1. Comparing ASP49, ASP128, ASP187, which has the greatest mean-square fluctuation in the GNM of the chain with Cα pairs linked when under 10 Å apart?
2. Which of VAL94, VAL52, VAL181 ends up with the largest GNM mean-square fluctuation for the chain, with Cα atoms connected below 10 Å?
3. With each pseudo-label sitting 7 Å past Cα toward Cβ, what's the GLU167-LYS153 distance in nm, one decimal?
4. Can you tell me the dipole magnitude for the range 39-127 around its Cα centre, using point charges on the Cβ only (Lys, Arg +1; Asp, Glu -1), in Debye to the nearest 20?
5. Cα-based Rg (one decimal) and Dmax (whole number) for the range 18-118, in Å?
6. How long is the range 100-151 along each principal axis, judged by its Cα atoms, biggest number first, in Å?
7. Considering the options ALA125, THR112, ALA184, tell which one lies farthest towards the positive end of the dipole of the range 111-192, charges being +1 on Lys and Arg and -1 on Asp and Glu at the Cβ, about the Cα centre.
8. Specify the angular offset, from 0 to 90 degrees and rounded to the nearest 10, of the alpha carbon long axis of helix 12-22 from the longest principal axis of the alpha carbons in the chain.
Amino acid sequence: MEFPNCTVVDHPLVKHKLTLMRRTETSTATFRSLLQEISLLLAYEALRDLKVRDEDIQTPMAPMRAPVLEGKKLVLVAIMRAGQGILDGMLQLVPSARVGHIGLYRDPETLTPVEYYYRVPGQLADRDVVVCDPMLATGNSAVAALQRVKRSKPGSLRFVCLLACPEGLSNLREHHPDVHVYTAAVDEKLNEHGYIIPGLGDAGDRLFGTK
Ligand code: URA
């Protein structure tokens, strides 16, 4: 199935690392490193259209005009707590990015998000913002996080996740048709508990070793 609001990052390293992450027997330490490695690759693709401008520089050999990133620093916003795993990988690629956190927990009965923490750099206007969370499941947390960030009128907004499913992508497209999603794979479906099938289980538990 094709999702117009989504880019599946098609790379053998991403595929291979994701398979390792899915395996039940993969340890917490390995899961954590793999999430960082994949996130760096996802970020590479998600940030492909960042604007550059030329400036005069001097190499040891000659002067030249060379491209540098234009505009204000990028802002990466992690949906707590599993979003931290994606953030760590993205920060390896863009160490100067500003960082925000949104705390949302999923009400187990209604599966709707409840905000308990919001700390994001001020003045998002004109800044490129990337919201990240490993699992785009129901999409309710992503929809709420993007709504919250939009209040600060960012220059551009993207969403990066490790795994998505059709239900989450449709939900996101309905509420935020302007936000593009970058992911390593789109899985088959959501189960009745809001978990992605086949998925990889609870990303937060696997990342932090809580279970
Ligand atoms: N959150 C997870 O960690 N895993 C899922 O499959 C769905 C939501």
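We did not get these values from a lab; they are worked out from the coordinates using the rules stated. Being a predicted model, the structure only gives us computed values, none of them experimental. So basically every Cβ, Gly included, is an ideal-geometry build from the backbone, and we count neighbours across all protein chains shown.
1. Top of the fluctuation ranking is ASP49.
2. VAL52
3. 3.7 nm
4. Working: 11 positive and 11 negative charges, 33 e Å.
Rounded to the nearest 20 debye, it is 160 debye.
5. Here Rg and the maximum Cα pair distance are 18.5, 65 Å.
6. 37, 19, 16
7. In the range 111-192, that residue is ALA125.
8. With rounding to tens, the tilt is 30 degrees.
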